[in-house]
Amino acid sequence: MLVTTIVIAVSLSADLWAQETELVDRIVAVVNNEIITLYDLNRAFAPYATNIKALKYPPEKERQTLFQVRQDILEKLIESMLADQQVKQNQITVSEKEINNTIERIKESRQFTDEQVREGLASQGMTMEEYRKEIREQILRNKLVNREVKAKIVITKEDIKKYYESHPEKYAGEKKYYLWNLFIKVPSGSSSSERNNARNRIEAVLVKLQQGQSFESLVDELKKSSSAVKGTDLGLYRLEELSEQLRQVVKKMKSGEFSAVLETNFGYQILYIQKIEESQAQPLEAVESEIEELLYNELVDNKYREWLEQLRVQSHIRIIN
């Protein structure tokens, strides 16, 4: 097992430098016994650089963003090379049929013809042969991940139950309130006498409700009058969609009840709950497979990162500025 050595260097040995000048522009990283060239880095970085420049950032922000993304791309190239080395070490293979099938699935999902695929590749400066090589590498890496990560993940019934019980907001029944209101606006900066006048008007409307007039008919009546008090059919709301003030009022009310006069930043209003709709909670059995997939994908990401970190620890990586 190789001991970790991650060294940032500015030069290589004479022999390696001679090979570099013959073969490539410059070597930017050495991963065990393989190299990543400046050409490799620039090619992977090019589409990201184009997109960043198109955003028209201020010069300093653009420079910083380009630098950070370039560093991230180099890290991704190192990780890909580490994975490719593991593919070779474990003698994982892929057939031409698997590559063909993968390309056909991509074409079907995007409804592309052969000609459209070739045109799309050409616009990115890529040939079909290069594209097939890229697909081949993706398949090999997927097989490696299946072997080293996915095959070792087990989601238990207890894991699923624990997640279900700790996320009641996702699976518990949902309650919605169908709201109406009566309101009178009080402009900002109004005098205390103007505010008192507005309150008296809406309290007179409240008396009608207390005497038995239906909220809906009162809203309709006021709509046809010149009164400053108006009414609105607000529709369905969950408690969390309401302001804190209204939430505290609504959660204590029952269907068919109206509130006292409420003072708000905009004036005064009376709330009415026409009905409350409650959806049934989803039983664990109904969402078990959904939770299992969610936990599985989460674990795959975490375990893959752990596996890559362990791989880096066991490898000799040298980054050349």
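FYI, it's all coordinate maths here, none of it is from the lab. Treat the numbers as computed from the prediction; the structure is a model and nothing was measured. Backbone-built Cβ (ideal geometry, glycine too); neighbour counts: all protein chains shown.
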Next on the checklist: Testing the spin-label approximation: label points 7 Å from Cα along Cα→Cβ at Lys76 and His316. State their distance in nm.
Outcome noted: 2.8
Item to check | Distance between modelled label sites at Ala172 and Thr232, nm, 7 Å Cα→Cβ extension | outcome: 2.9
Checklist outcome for this item: Magnitude of the Cβ-charge dipole (Lys and Arg +1, Asp and Glu -1) of segment 174-278 about the Cα centre, nearest 20 debye, reported as 180
Next on the checklist: Explain nothing, just the number: relative contact order of segment 174-278, from Cα pairs under 8 Å at least 6 residues apart, as a whole percent.
Outcome noted: 49
Next on the checklist: Rounded, prolate or oblate, given the Cα gyration tensor of the chain, with a/c below 1.5 counting as rounded?
Outcome noted: prolate
Item to check | Peptides 33-41, 245-253 ordered by average Cβ neighbours within 10 Å, highest first | outcome: 33-41, 245-253
Checklist entry - Along the principal axes of its C-alpha atoms, what lengths does segment 174-278 span, in descending order and rounded to whole Å? => result 43, 28, 20
Item to check | Helix axis angle, 284-313 relative to the chain longest principal axis, alpha carbon, degrees | outcome: 40
Checklist entry - Gln124 to Val69: FRET efficiency via 1/(1 + (r/R0)^6), r the Cβ-Cβ distance, R0 22 Å, to the nearest 0.05? => result 0.80
Item to check | Ordering of 257-263, 104-110 by packing [mean C-beta count within 10 Å, highest first] | outcome: 257-263, 104-110
Next on the checklist: With +1 assigned to the C-beta of every Lys and Arg and -1 to the C-beta of every Asp and Glu, and no other charges, what is the dipole magnitude of the chain about the Cα centre in debye, to the nearest 20?
Outcome noted: 1140
Checklist entry - Along the positive direction of the dipole of the chain (beta-carbon charges: Lys, Arg +1; Asp, Glu -1; about the Cα centre), which of Ile202, Asn90, Val154 reaches farthest? => result Ile202
Checklist entry - Taking only DSSP H segments of four or more residues, each worth -39500 (n - 2.57), what value at 222 nm results for the chain once the sum is divided by all its residues, to the nearest 500 deg cm²/dmol? => result -18500 deg cm²/dmol
Checklist outcome for this item: Between the Cα axis of helix 96-110 and the main Cα principal axis of the chain, the angle (0 to 90°, nearest 10) is 30
Checklist entry - With charges only on Cβ, +1 for K and R and -1 for D and E, what is the dipole size of segment 238-305 about its Cα centre, in debye, rounded to 20? => result 460
Checklist entry - What fraction, in whole percent, of alpha-carbon pairs in segment 19-83 exceed 17 Å separation? => result 46
Item to check | Potential lengthening between Ile155 and Glu293 on full extension [0.36 nm per residue; Cα-Cα distance subtracted] | outcome: 48.8 nm
Item to check | Distance (nanometres) between label positions extended 7 Å along Cα→Cβ at Glu98 and Asn146 | outcome: 0.7
Checklist outcome for this item: Longest principal axis of the chain (C-alpha) makes with the long axis of helix 128-148 (C-alpha) an angle, in degrees to the nearest 10, of 80
